[in-house]
Structures are given as structure tokens and as C-alpha cells.
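Working notes for the structure below.
The numbers here are math on the coordinates, done by the rules we state, and not lab data. For clarity, every value in this text was computed on a predicted model and none was experimentally measured. Here the Cβ is made from the backbone with ideal geometry for all residues, glycine too, and neighbour counts use every protein chain on show.
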């Protein structure tokens, strides 16, 4: 059971916009801690996708965006492409656990 | 070239020990907190431990505290994870990752090394 809750899977068709949610508590996201997102393509290491809630590292397309409100965060992907098919993880810090915490991951399928 | 390369994974018997290494290159290693994160087969990511640039700041996840020891050798640009009392639940791909300065996210990851604990 992950501290941050993500839907196990989402799907969409090419060109569509999808959202992946990440729900926490007042001990992590709701406590003001930033949310970060990673993309893990099949058989590879995770790659930083969004940092500090809504910032993109250099090289990440602007089709990817993040937001945060209250105890939840969301990753949006617009103009869905087949190469976006991957697992996506949210990450934050939990002050009760004094630990970095991840969501359980969401598998994105592009139909 | 900016990269992290893990090594030391393999098959170990339950109750055994293993030491993982992570070689860093392309950046000033001393300046960064470094972290170990693992991923069990078909499962999500689990943060394990971090160590500060000088090695004086260390933290562990509850699941490995007392069994795993993180360390670093800045002269060799290397990070280590000594793992003891291993169980089947420790079977995973182990990643080292660089924590961004002033933040709590990971901007550089290694390719991972697989540890399999055989019962």
C-alpha cells in the first residue's frame, strides 16, 4: 500500500488528453511538500518528468504538465502519442514518516 | 558524460549479504546528496536511503533500517549500499539516483542492478 495513491491504469487514444491523479494526505502533499513526476518506459530507469509540482526539466515536451491542489496532484498529457506509453510515478516527502514517498504507479496505455 | 552506473547485483541466499556500488561521472560528486531506490519485479518504486555530500547526513526507510548501510567515497566518485540479512522481499532492481541540490527530487538515475534473493 503506497502512501501516495495513483490509479493503476489509464488509457487514451492518440491526440487525446489524459490526466493521472496522485492523492496524498496532510503529512505529505497537503502539508505543502512538492510533488514530482517520473516516466518509466518499459525496461528502463525512471526519468524525471515534472519537478516542484509544475516545472518541466529541459528536454521534456510541453505536452506534459503538472498541477497541485490541496492533498492531490495531477499529471496531464496532451496530444497523446504512442511513445508516451509507460509507467508514471508521483513522488513527494512525508513528514510523519520522515521519508521520500512514491505513488504506486500508473500504467498508461495508448490505444 | 553525466551518468551513474550501478554494479554488484546478483543472486544471494536468504540471510546473506551483498554490496552494491554506484559509479558517478560527469559532475562534482561531492556536491550532491545521493540516494538508493529499489523496484521489486512488477512493482512500484521504493525509496531506501540517502547520504549527504560529506557522508555525515544519512537517512533510511523503515523497511531497511538496521540491515542496510549507505556510504560513499568521494575520492572515487562512488556510492555504496551494504545489504545484510536479505530476504525474498529484498528481490528488486536497485537504482542509485542523484538528488537535486536544494530539492527532494531525483534528476539523474542509473540503469539499475538486479538483486535476487533465493530462498
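Some values worked out for this structure:
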item: Dimensionless Rg/Rh of the protein assembly as shown - Kirkwood Rh, Rg from C-alpha atoms; result: 0.96
item: Pairwise FRET efficiency - residue B:5 versus residue B:84, Cβ, R0 = 30 Å, nearest 0.05; result: 0.80
item: Shape category assigned to chain A from the gyration tensor of Cα positions, a/c cut at 1.5; result: prolate
item: Listed residues A:91, A:39, A:16, most fluctuating in chain A (Gaussian network, C-alpha, under 10 Å); result: A:16
item: Gaussian network model of chain B, springs between alpha carbon atoms under 10 Å - residue of B:71, B:21, B:85 with greatest fluctuation; result: B:85
item: Relative contact order (percent, whole number), chain B, Cα cutoff 8 Å, 6+ residue spacing; result: 36 percent
item: Average other protein chain Cβ within 10 Å of Cβ, residues B:103-112; result: 6
item: GNM result for chain A, Cα springs below 10 Å: residue of A:49, A:75, A:41 fluctuating most strongly; result: A:41
